[in-house]
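The values are calculated or read from the model by the stated rules, or taken from the named source; none is laboratory data. Quick caveat, the model's predicted, so the values are computed rather than measured. Neighbour counts are summed over all protein chains in view; Cβ atoms, including those assigned to glycine, are modelled from backbone coordinates with ideal geometry. Side chains included, ligands, DNA and RNA excluded: accessible areas come from the protein's heavy atoms. Shrake-Rupley method; radii C 1.70, N 1.55, O 1.52, S 1.80 Å.
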Amino acid sequence: MARKVMTGNSATAYGALVSGVEVVSAYPITPQTTIVEKVAEFVADGSFKGQYITVESEHSALASCISASQTGCRTFTATSSQGLLLMHEMVHWAANTRSPVGLVNINRAVGPPWSIWADHTDAIAQRDTGCLMTFVESAQEILDMVIQGYKLAEDPEVLLPFMINADAFFLSHTFEPVDVPDAKKVQEWLGMYDPPYPLDPEDPHGYGALTFPHQYYMELRYNIKRAHERAELMFPKVSKEFAKLFGRDHGGLVEEYKTKDAEVAFVAMGTMVSTAREVVDRMRDEGHKVGLVKVRSFRPFPVKELRDIAQRIPVLGVADRCFTYGAEGPLSTEVKAAIYNVKDKPTVKNYIVGVGGRDIHVGVLKNIFLDMEKVKEKGLDKESVWVQLKRPPGEPPEVM
Amino acid sequence: MSKDKTEKRGKGEWKTYADLPPGPISMKSTLGVSLTGTWRTVKPVIKLDECIKCMTCWKFCPDVSIEVRKDGYPKINYLYCKGCGICSNECPKECIEMVLEEVVVEEEPEGEPVHAKEG
């Protein structure tokens, strides 16, 4: 194991390298570009011995990875924002062909107007593809989750692509010390990817051919649902196995922080969780009974875990770094749906924060925690509020 | 692909979701099952006496329905050609004509076309 100071993007590239990826195909897009540049460096210095396919678009990047994956290669690509949106059709294709392609998405706002900063809209738009989706908060977690992603995705009963989501700049371009595990040890743990129906000229099959309504379409979709159930079961197990071998445990589908006696808990994904952890510590010192729930896996969604949390904590404040127009923040919708049938369910309030990369600093989160305590005392005032919004004079902020 | 892996797959007789392979895989090649040539309303006909064997049509055919004859001339596989007309559009000699399906065109036999022998 080697400890190096590196950006989240470098950690991503190292994650792919030590996982023994055989085919990388990607197209540059800010702020993901330095991932594929790092992979190109690995090609140049001889440490990456696989195929590096340069393509003309993200659509082709993922298409190349899917085809390579079908031959039995471990494949990797990385993208961001508009690139992921262009890739969208192929994200469906990867899941529907049950190809365990590894994908790192650097969460970036969607234009217009152009914005290259952190926002979860790009990822949430992939919600219904069937892809496994994880949100992370550190460069180390990206690297570790790329490795664990392959372990999970290549499980013979899972066989789905995975997407690690990491916030633009807060992770992609920020340096931190990262442990790079020994490649041999990682690859021994992962084993070889062995597809059940490899693309093989010696043994030809039709891949993704037409199916009629009375035939198999519905059943194939049902099997993707089952694969997600399997992934839900395996996710914490893979995490534990990884912890045993490499000494780091980032938690299961959710990570709870100081929730044992918490009266209010902040539920969030991505880098704002790190800030929230700091805020929880500070507020605990001042006597507030506050806690934090980090949703690590967005797909499969941690329904069981959240139901358990819902039975213990009376107020949940769910934060979203994006918005579903005509509704509310997507994580909030998911959390509410997950806990709807719980008896004595908590009050849920949705906070829209950090849209387009606006900095979610300690003060912002502290105000949210105080607002959640107000909800506990006086009941729910509003379902979903936009925090940090510049409002016309005379209009009071929704969170003081 | 090992033999026992092929045997384990069964013959593709699927009744429920539990029998299906994980992905949308046909147990054998779909070649010969789905003759897409029946979709055609117009068909490409190559005037071989003008053809220069450049194989532009072969390269552009999106359905891999243009084959190369032993003598190097292109040959349309009418079992699969859907009549999209891309070959006709791309042919630099403009010698691929799109003919209504109802018009019967006799195919030129294999071997050097008449003009080549004469020339």
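Summary of values
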| item | result |
| --- | --- |
| Two-site label geometry, A:Glu188 and B:Glu50: point separation in nm, points 7 Å out along Cα→Cβ | 6.9 nm |
| Positive dipole terminus of chain A, leading residue within A:Ala118, A:Gly270, A:Thr259 (C-beta point charges) | A:Thr259 |
| Residue among A:Ile368, A:Pro302, A:Ser332 farthest towards the positive dipole end of region A:295-390, charges placed on Cβ | A:Pro302 |
| Buried accessible area, chains B and A (both chains, 1.4 Å probe, Å² to nearest 100) | 1900 Å² |
| Accessible area of the protein assembly as shown belonging to carbon and sulfur atoms, whole % at 1.4 Å probe | 55 percent |
| Reference-scaled alpha-carbon Rg (2.2 N^0.38 Å with N residues) for region A:172-298 | 1.55 |
| Förster radius 22 Å - calculated FRET efficiency between B:Lys15 and A:Leu210 (Cβ-Cβ, nearest 0.05) | 0.65 |
| Out-of-range pairs (alpha-carbon distance over 26 Å; input A:Lys240/A:Lys289; A:Lys260/A:Lys336; A:Lys151/B:Lys15; A:Lys289/A:Lys345) | A:Lys240/A:Lys289; A:Lys151/B:Lys15 |
| If the convex hull is drawn through the Cα atoms of region A:280-339, its volume per residue in Å³ | 104 Å³ |
| Among A:Lys378, A:Lys345, A:Lys294: highest mean-square fluctuation, GNM of chain A, C-alpha pairs under 10 Å | A:Lys378 |
| Angle between chain A longest axis and helix A:8-18 axis [Cα atoms, degrees, rounded to 10] | 40 degrees |
| Pair-distance profile P(r), taking every C-alpha pair of region A:249-400, with 5 angstrom steps and integer % | 2, 10, 20, 24, 23, 13, 5, 2, 0, 0 |
| Accessible area per residue in Å² at 1.4 Å probe, computed on region A:228-324 | 38 Å² |
| Alpha carbon centroid spacing (whole Å) that separates region A:212-272 from region A:14-57 | 27 Å |
| Partners for B:Lys82 among lysines (Cα-Cα distance below 24 Å; same-chain residues under 8 apart left out) | B:Lys28, B:Lys43, B:Lys47, B:Lys53, B:Lys59, B:Lys70, B:Lys93 |
| For region A:159-186 and region A:102-132, distance of Cα centres in Å | 17 Å |
| Nearest 10 degrees, 0 to 90: helix A:272-285 Cα axis against chain A principal axis | 40 degrees |
| Positive-end residue of B:Cys81, A:Ser80, A:Val353, charge dipole of the protein assembly as shown with Cβ unit charges | A:Val353 |
| Computed magnitude of the charge dipole of region A:192-231 (debye, nearest 20; Cβ of K, R +1, Cβ of D, E -1) | 380 debye |
| Within region A:67-193: Cβ-based charge dipole about Cα centre, in debye rounded to nearest 20 (Lys, Arg +1; Asp, Glu -1) | 340 debye |
| Sites excluded, chymotrypsin sites (Phe, Trp or Tyr not before Pro) in DSSP loops with at most 11 other C-beta within 10 Å, longest stretch of chain A | A:115-324 |
| Rel. contact order, % - alpha carbon contacts under 8 angstrom, at least six apart, region A:24-175 | 24 percent |
| Part-to-part distance (alpha-carbon centres) for region B:34-105 and region A:78-97, which is given in Å | 34 Å |
| Nearest-20 debye value, the protein assembly as shown charge dipole, Cβ charges on Lys, Arg, Asp, Glu | 1580 debye |
| Degrees between helix A:33-44 axis and first principal axis of chain A (Cα, 0 to 90, nearest 10) | 30 degrees |
| Expected 222 nm ellipticity per residue - DSSP helices of 4 or more, -39500 (n - 2.57), all of chain A, to 500 | -12500 deg cm²/dmol |
| For the protein assembly as shown: rounded, prolate or oblate by the Cα gyration tensor [a/c cutoff 1.5] | prolate |
| Listed residue pairs exceeding 20 Å between alpha carbons, taken from A:Lys184/A:Lys294; A:Lys185/A:Lys244; A:Lys294/A:Lys390 | A:Lys184/A:Lys294; A:Lys294/A:Lys390 |
